[in-house]
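Below is one structure, written out as structure tokens; comments come after it.
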Amino acid sequence: MAYLGGSMAICEQCGRALTASDGTCATCGAAQVRAGSEEPERTRPASSTRRLSVAGVAFAVAGLLLFVYVVWNADVAKIYADLRRLGAGFLVILLLSGFRFAVRALAWTLCFEAPHRLRFRDAFRAYLTGDAVGNIVPLGIVVSEPAKAALVRERVPLVAGLSAIAVENIFYSLSVALFVSSGAVALLWSFELSRVQRWVNISVLLGTGAVLMFGFAMVAMQWKILSGALERLYARGVARRLLETGRVRVRSLEERVYGFYRNNQRRFLPILLLEACFHAAGVAEAYVTLYFVNGEPPGLLAAFILESVNRVINVVFKFVPLRVGVDEAGTGKTTQLLQLGATVGVTLAIVRKARMLCWTGVGVGLLVARGLSVREVAEQAARAKSPKAKELEMMSNR
């Protein structure tokens, strides 16, 4: 038995609201855990969550200090003037960023296997809310994705939602590798780089190329690398208590991902096109920002390179809340390299922060409208990754 706000109980097999008073679901007849046994499950991950919170706060403080340092050295008055020139252009940026949320939510809906289906409007709301929770909670990287699945468990079983998120993230990761490698090639081809900068770009290019080749080979050959490694660790007595259920959940997830690959190959192209639209909108967002800040049309190549660098920053520094500090530093260095000036890059990164905060506010509003709090959703996400996922998997396959 699970709860989504207030005292509403949700069946963990079919995802419907429980109406029976005898501990069974009136819709599917599945027996539920009594409410009295729910509280221990709620408190189990407290110590690990506390450690993650401390680490998240530490990263946030370090990022904030870096932010102050970078902004101070980039000329605060000029940044303020650049932001004022942006003006109504910020509305265009908000629309473009909203479109990016929409295409990823739509891609998520395409990653469900029959008989499960998720409506776009439910996916979009969950995506906005989960992203907002990830931005607010320290080290939200471990919360945002499970939170999305927990928020739609009234529509689809939890395991189906988690599996679809895993599949969509694989497509997204492959698209990021392609996009970043293209940006590295464009930077190497079009600009005069120092020896260190050249080697950094070559390393990024080689790394993303290796990720792409390994990813395609792993899916095509259906290598069960992660579950196999966990099985070997379990056989050797390493972390047996944790791996008792963990290895089963990982194997189940791998089987679902590979099952999607075998049975839904016609969806590959639409999903990849949606991921491409996400990156294209990111380039458009950088282009619009540069246009309003500089007062003249920027080069499309510069916007493309800036967005590819932004993807690298988002991947490498995902653990830093809002990428505060590291985005300003990295984007400032990139615009300096592109001969646009470091201040323009810092302004671009600050504009990104502003639109992220706006959409975070929308996500929190959707959360409040459902009668939930950030803490409740974070707890839902923690339970989504708990050993109970094994039970959910077994029930969903009945």
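Give me the tail of P(r) for the range 68-214 as a percent: Cα-Cα pairs with distance above 27 Å.
Of the Cα pairs, 47 percent sit more than 27 Å apart.
Projected area of the range 284-379, taken from the Cα convex hull and averaged over every viewing direction, in nm²?
6.9 nm²
Students sometimes get this wrong: rank Met218, Met356, Met213 by accessible area, probe 1.4 Å, all chains present, largest first. If you can, show how the numbers build up before the last one.
Details: Met218 55, Met356 35, Met213 140 Å².
Descending order: Met213, Met218, Met356.
Using the heavy atoms of the protein chains alone and a 1.4 angstrom probe, what is the accessible area of the range 111-191 per residue in square angstrom?
Heavy-atom accessible area per residue stands at 36 Å².
Over 5 Å intervals from 0, what percent of Cα-Cα pairs in the range 141-184 sits in each interval?
5, 23, 21, 18, 13, 9, 7, 3, 1
Of all accessible surface on the range 47-119 at a 1.4 Å probe, what whole percent is carbon and sulfur?
About 73 percent, which is the carbon plus sulfur part of the accessible surface.
Output the direction-averaged projected area (hull surface divided by four) of the convex hull of the alpha-carbon atoms of the range 230-297, in nm².
Reported value for the Cα convex hull: 8.3 nm².
How large a share of the accessible area of the range 210-317, in percent, is made up of carbon and sulfur atoms when the probe is 1.4 Å and the other protein chains stay in place?
Roughly 67 percent, rounded to a whole number.
Applying 1/(1 + (r/R0)^6) with R0 = 25 Å to the Cβ-Cβ distance of Asn264 and Tyr291, what FRET efficiency is obtained, to the nearest 0.05? Mind dumping the intermediate values first?
Numbers: r = 40 Å, r/R0 = 1.59.
Working from the Cβ atoms, E equals 0.05.
Between Trp223 and Glu154, what's the calculated FRET efficiency when r is the beta-carbon distance and R0 is 30 Å? Round to 0.05.
Working from the Cβ atoms, E equals 0.30.
So between Asp75 and Ala114, what do we pick up on full extension, going 0.36 nm a residue minus the alpha carbon distance? Write down the numbers at each step before the final one.
Values: separation 39, 0.36 × 39 = 14.04 nm, distance 5.54 nm.
Computed gain between Asp75 and Ala114 is 8.5 nm.
Sticking with the crude label model, points 7 Å out along Cα→Cβ, report the distance from Val238 to Leu212 in nm, one decimal please.
Between Val238 and Leu212, the simple spin-label model gives 3.2 nm.
Would the range 53-154 count as rounded, prolate or oblate if I go by the C-alpha gyration tensor, calling it rounded below 1.5 in a/c and otherwise prolate when a/b exceeds b/c, oblate otherwise? Please report the intermediate quantities before stating the final value.
Numbers: a/c = 4.16, a/b = 1.60, b/c = 2.59.
The shape class here is oblate.
Taking just the alpha-carbon atoms of the range 182-273, what radius of gyration and Dmax come out, in angstrom?
19.2, 54
The values are calculated or read from the model by the stated rules, or taken from the named source; none is laboratory data. Note that this is a predicted model, so its numbers are computed, not measured. Glycine also receives a Cβ, built like all others from the backbone with ideal geometry; neighbour counts cover every protein chain displayed. Accessible surface areas use protein heavy atoms only, side chains included; no ligands, DNA or RNA. Shrake-Rupley method; radii C 1.70, N 1.55, O 1.52, S 1.80 Å.
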